[in-house]
Number of protein chains: 2
Amino acid sequence: METIEQVLESKNIRVTAMRMLIYKFLVEKEVAVTLSDIENAFVKADRTTLYRTIKTFEEKVIVHQIDDGTGITKYALCEEGCNCDIKNDLHLHFHCNNCNETICLTEHKIPQIKVPDGFVSENVNLVVKGICDKCSG
Amino acid sequence: METIEQVLESKNIRVTAMRMLIYKFLVEKEVAVTLSDIENAFVKADRTTLYRTIKTFEEKVIVHQIDDGTGITKYALCEEGCNCDIKNDLHLHFHCNNCNETICLTEHKIPQIKVPDGFVSENVNLVVKGICDKCSG
DNA sequence: TAACAAATGCACTTCCATTGCACTTACTAT
DNA sequence: ATAGTAAGTGCAATGGAAGTGCATTTGTTA
């Protein structure tokens, strides 16, 4: 089991207290979070720091951005060996219309989508909306 | 060939000069447009009017909203007999990373997506990103 | 044509995303 | 160890898009 420090270092991210806390927060959360979620969890920290931290994590492919159609971008941890930036290796996301939470369905790969001649598909964003397991139970 | 008036009337939308112009604009554009696009095309009209007009069109299922991941909602005309509000009848959208335009691929239906047990799929947002036919040529 | 309903225009407000700059903290090379 | 540099953090402010309240105008109907 890697420590948080090791995770950050292996991705060439400088280790700071703030970054470790935010990483820990993301690990504990099982759903995608908004910047506001992080803000509420760390009221003592500045919004900008949180914003830039998440941007750094994004660049270094520790988290990926999710656009679930709520208009607010969310973030979630990448899986081990996640290739968020490589086409056709993206998983889909599920957005619950009831609890408003968004989760990664990492085991569900996106099917190949055919596009017309002349179009080149580079990547695919797929969000399924409905009722999640917790809300439908 | 229906006139614009007839189209609007058939959808129970009051015919006004502004609405006819905006409808005409949407017909002529072959890609999804943002509110700003409409704004730039009708500088003399007020933003609110354009905003509410498009909202009216949306309610009456003349246009549908597209979330292509740019963060700005776009709008495009619905096809004849479009069932934008009915699940599983949605077409997919293609967003060009080069020219930044988004088009409807109406003939391409979204494949059935399997979700885990306990999850209920209500609808699906699928955006393919890449290079469009104009830009790849 | 009077009366009512809907459409339009103006002025705000809110919310999220983003940036500039000053200050502080952490790494690096002597 | 320590000075110097690069990166991280905090504060303040900006910008863009979305949305709302209210007064005015336009259109429909009795």
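In the range A:1-20, what residues are within 14 Å of DNA strand D (Cβ to nearest atom) and more than 18 Å from residue A:48 (Cα to Cα)? Before the answer, list the steps.
Residues of the range A:1-20 within 14 Å of DNA strand D (Cβ to nearest atom): A:4-5, A:8-9, A:11-20.
Within the range A:1-20, A:4, A:5, A:8, A:9, A:11, A:12 qualify.
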Q. In the range A:85-105, which residues are touching a Leu at 6+ places or on another chain (Cβ under 9 Å), modelled with pLDDT of 85 or more and more than 10 Å from chain B (Cβ to nearest Cβ)?
A. A:104
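Restricting to the range B:27-77, and then to whatever is charged (D, E, K, R) and open to solvent by less than 30 Å² (accessible area, probe 1.4 Å), can you tell me which residue is nearest to the other protein chains (Cβ to nearest Cβ)? It would help to see each step written out before you state the result.
Applying the first criterion (charged (D, E, K, R)) to the range B:27-77 yields B:28-30, B:37, B:39, B:44, B:46-47, B:52, B:55, B:58-60, B:67-68, B:74.
Of the ones still in play, those that are also open to solvent by less than 30 Å² (accessible area, probe 1.4 Å) are B:68, B:74.
Details: B:68: 8, B:74: 13 Å.
Checking each candidate, the answer is B:68.
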Q: Output the residue which, of all residues in the range B:111-123 that are at pLDDT below 90 and either buried (at least 19 other Cβ atoms within 10 Å of the Cβ) or of a type in the set (S, T, N, Q) (or both), is farthest from the chain's Cα centre (by Cα).
A: B:112
Q: Test residue B:22 against the criterion of being within 11 Å of DNA strand C (Cβ to nearest atom), buried (at least 17 other Cβ atoms within 10 Å of the Cβ), of a type outside the set (Phe, Trp, Tyr) and not in a helix (DSSP H, G or I), and give yes or no.
A: no
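Within the range A:1-17, count every residue that is of a type outside the set (Ser, Thr, Tyr), assigned to a helix (DSSP H, G or I) and either more than 11 Å from DNA strand C (Cβ to nearest atom) or crowded, with 16+ Cβ neighbours inside 10 Å (or both). If you could, list the steps in order and put the result at the bottom.
Taking the range A:1-17 as the starting set, the residues that turn out to be of a type outside the set (Ser, Thr, Tyr) are A:1-2, A:4-9, A:11-15, A:17.
Adding the requirement that they be assigned to a helix (DSSP H, G or I) leaves A:4-9, A:17.
Next, only the ones that are either more than 11 Å from DNA strand C (Cβ to nearest atom) or crowded, with 16+ Cβ neighbours inside 10 Å (or both) stay: A:4, A:6-8.
Number of matching residues: 4.
The values are calculated or read from the model by the stated rules, or taken from the named source; none is laboratory data. Everything numeric in this text was worked out from a predicted model, so none of it was measured. Don't worry about glycine lacking a Cβ; one is built from the backbone with ideal geometry, like all the others, and counts go over all protein chains shown. Each accessible area value is taken on the protein alone, full model and side chains, heavy atoms only, with ligands, DNA and RNA left out. Shrake-Rupley method; radii C 1.70, N 1.55, O 1.52, S 1.80 Å.
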